1. So how much accessible area does Cys188 have, in Å² to the nearest 10, using a 1.4 Å probe?
2. Considering only C-alpha atoms, what is the centroid distance from the stretch 271-311 to the stretch 76-105, in Å?
3. Please give the FRET efficiency for Val382 paired with Thr48, using the beta carbon to beta carbon distance and R0 = 41 Å, rounded to the nearest 0.05.
4. For the chain, return all DSSP H helices satisfying: extent of Cα atoms along own axis at least 24 Å; mean Kyte-Doolittle hydropathy at least -0.5.
5. How many angstrom separate the Cα center of the stretch 27-58 from the Cα center of the stretch 595-672?
6. Multiply the residue gap between Leu443 and Asn280 by 0.36 nm, knock off their C-alpha separation, and tell me the result in nm, one decimal place.
7. Grab the other residues whose beta carbon is less than 15 angstrom from that of Arg50, score K and R as +1, D and E as -1, and report the net.
8. Tabulate in residue order the Karplus-calculated ³J(HN,Hα) for the stretch 658-664, using 6.51 cos²θ - 1.76 cosθ + 1.60 with θ = phi - 60°, rounded to whole Hz; enter x for Gly and Pro.
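The values are calculated or read from the model by the stated rules, or taken from the named source; none is laboratory data. Since the structure is predicted, the reported quantities are computational estimates derived from the model, not experimental observations. Cβ sites come from the backbone with ideal geometry, for glycine too, and all protein chains shown count toward neighbours. For accessibility, only protein heavy atoms count, side chains too; no ligands or nucleic acids. Shrake-Rupley method; radii C 1.70, N 1.55, O 1.52, S 1.80 Å.
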Amino acid sequence: MSQAPPSGTSPASPGSAASPLRLLAAIGVGLGFAVGVTLLVRHSELVTGRYVSSGVPPVLAFAAAFLLSVARPLLRRLHPALAMTRPQVLLVYAMLTLVVVLHNPYVVRAFLPHLTSLDYGSMRQPALRRFTEYLPAWWGPGQTGRDPEVVRTYFEGFRPGGVPWEAWVAPLALWFLFFLAIFVATGCLMTLLRHQWIHSERLSFPLLYLPLAVTQEGGPLGAGGLGPIFRQPLMWLGFAVAAGFNGINIAHALWPAVPAPGFVYRFQGMFPDPPWTPLNTVMLFFMLEAIGFGYFLSLEVSFSTWFFYLVMKVAAIACLSGGLDLPGLPFMHEHSAGATLAVALLIGWNARRTLALALRHALLPVKSPEAREAQRAVWGLVASVAFVLGWCQLAGLSWMVALPFVAVLGGFVLVYARIRAETGVPFEFVYPYGQPKELLVSLWSPRGMIETAGLRSWTVFSGLAWLSRHHYAQSMAAYQIDSLKLAEEARIPRRWLWLALGLAFVVGLAGSFWAHLDAYYEIGSNLSGGATGRGEYRATVALQEYQRMAALVGATPSEGRARVMALAIGFAFALLLGLARQRMARSPFHPLGFILATAYGDHSTLVFPMFVAWLCKASILKMGGLRLYRTFVPFFLGLIMGHVLIAGIGWPLFSLLLRPEARQSYHLFLGG
């Protein structure tokens with residue numbers, strides 16, 4: 001069951017579109033904030049490990065929108081031109097979502113180690129040394145500079161003179177084009193689906209309820225004071241609940257004698273004996289922002305999420321009871337990967353008329369602005385995907401590997417963006433991470449891939465594993481479709497939107513490159529982000545990828561057939577769920593819920609928040625119907641707002657003043 005957007009999220013009035021001069025000013029403000037994000041991440045997150053770039057939506061992007069909105073009345077009194085209108089604030093917000101994501105742990109921080117870890121690891125592990133010759137000469141500083149100190153000081157720091165840019169400029173310039181091609185490809189794909197998702201299917205975009213509500217202008221004729229959401233007592237009640245929850249946990253961090261619920265409750269060790277051991281991985285995360293956003297999900301999605309997670313646990317217990325005990329059972333990632341591919345096909349099928357019309361516009365002369373936009377999107381998508389495939393070929397990845405890898409990754413991007421638009425769950429890992437690569441390895445087998453494509457392709461494929469393990473392409477698509485929806489709500493011309501997003505991308509990616517390299521060559525990647533010398537986590541993941549690459553040469557994992565079977569079962573099951581929903585509108589099961597339930601595997605962070613949100617929403621609808629549901633909307637928006645501002649911004653910055661033990665005693669994260 002889906003509901004109308006909450007008050008304050010309706011489209012802007014016809015006269016509220018911002019002038020080009022105001023939009024240009026907003027772009028300038030957004031770029032100024034982008035520089036601030038770079039400096040903050042460099043000097044806070046990369047040094048101390050206090051994450052400020054996390055969250056869905058990114059906490060820094062929301063904080064900027066919140067600040068600009070609450071400052072509007074004061075600025076209007078000082079000078080009316082200083083107060084930013086709602087379209088301006090939302091344009092800044094859209095820009096910052098991209099900028100912050102490019103600085104977060106899963107883009108540049110995940111990418112850079114794949115350029116350096118093989119060289120660094122080969123200094124201590126001779127088994128890796130022979131694989132360095134398979135990487136192209138422009139791959140990273142170890143190949144361009146031929147100076148082992150460039151790589152060593154990246155990890156260990158304390159390099160005199162700072163970043164050796166002469167070794168980094170050439171590879172980063174080429175990789176920048178690769179990043180740009182993916183950005184263009186996802187943008188064109190979202191442009192092609194914009195009308196289908198926003199107008200034809202009328203997807204609700206629950207994640208946007210918060211920025212739309214906060215940026216709503218108040219006062220006479222919608223101008224002047226704070227927006228209506230700030231005058232809702234229930235909003236402040238929800239804010240107070242979040243403040244109380246975080247206040248108790250912060251008090252416990254300062255004074256350990258104070259009892260507190262903490263951030264997570266673990267079942268680990270509670271079930272030591274088979275067949276109940278699968279329950280040991282259950283964790284109950286107290287993520288208030290997820291409960292808040294979960295209130296706006298359809299009941300079918302939230303119910304399916306926790307229900308199918310329990311089904312997978314019961315299946316694991318049943319297998320152990322029957323004597324079946326395979327590593328990785330019940331293969332939740334593989335089930336989710338198969339389901340993702342099935343849902344991607346369903347999305348494409350449902351949008352077939354829209355896509356066929358766009359293709360027709362691309363091949364015939366057109367005059368209307370909408371047709372020209374579709375024409376540019378089609379050719380932009382074709383050109384950017386061709387560039388990515390050509391780039392992979394230039395790097396040494398055989399087209400027999402590159403083509404299916406890019407196709408599978410494209411399917412994952414499509415479903416990730418759909419999850420964002422339809423469900424708005426505030427989590428980053430809503431896809432089976434690593435599976436775009438691993439499912440090809442399972443289907444092909446390492447030996448088969450090496451025999452067919454060669455060791456060079458095998459090595460380069462591992463070097464591109466960051467695209468599979470992390471979610472750069474998925475995040476770009478998700479925030480691009482969000483931005484297109486915001487542009488419709490605020491009447492921002494799309495040409496201005498894409499100009500703003502393009503500039504945000506360029507400045508954000510360049511700033512992120514600088515921030516990470518400058519920090520690493522000062523203190524070392526091994527010590528950055530609060531690491532203790534054993535290596536930053538993303539660097540550890542990259543090294544493990546290369547180690548596994550070397551170990552699998554000539555090997556065939558024994559559980560490969562079982563994983564392929566799990567892929568097929570997940571595909572078939574999600575396809576059945578999707579077809580059932582098309583024929584039975586009141587089906588309580590949703591294929592996206594099945595993906596969410598299995599995407600993160602055993603250690604899911606979203607299952608318990610989704611259960612609480614489902615229980616709250618179902619109870620409220622049963623007691624008072626749609627009217628009572630709408631009454632409680634401000635409470636859940638306040639719950640989100642309070643948790644994001646206090647736990648996402650206030651606590652990370654305040655904790656910088658505390659001793660390390662106190663900082664770590666209340667360790668939480670947003671975005672899952």
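1. 20
2. 35
3. 0.40
4. 20-40, 86-103, 165-195, 233-254, 299-321, 332-350, 369-395, 399-422, 472-490, 494-523, 560-583, 607-631
5. After rounding, the separation between the Cα centres reads 22 Å.
6. 55.6 nm is the gain from fully extending Leu443 to Asn280.
7. For residues surrounding Arg50, the net value is +1.
8. For the stretch 658-664, the Karplus curve yields 9, 5, x, 5, 5, 4, 7 Hz.
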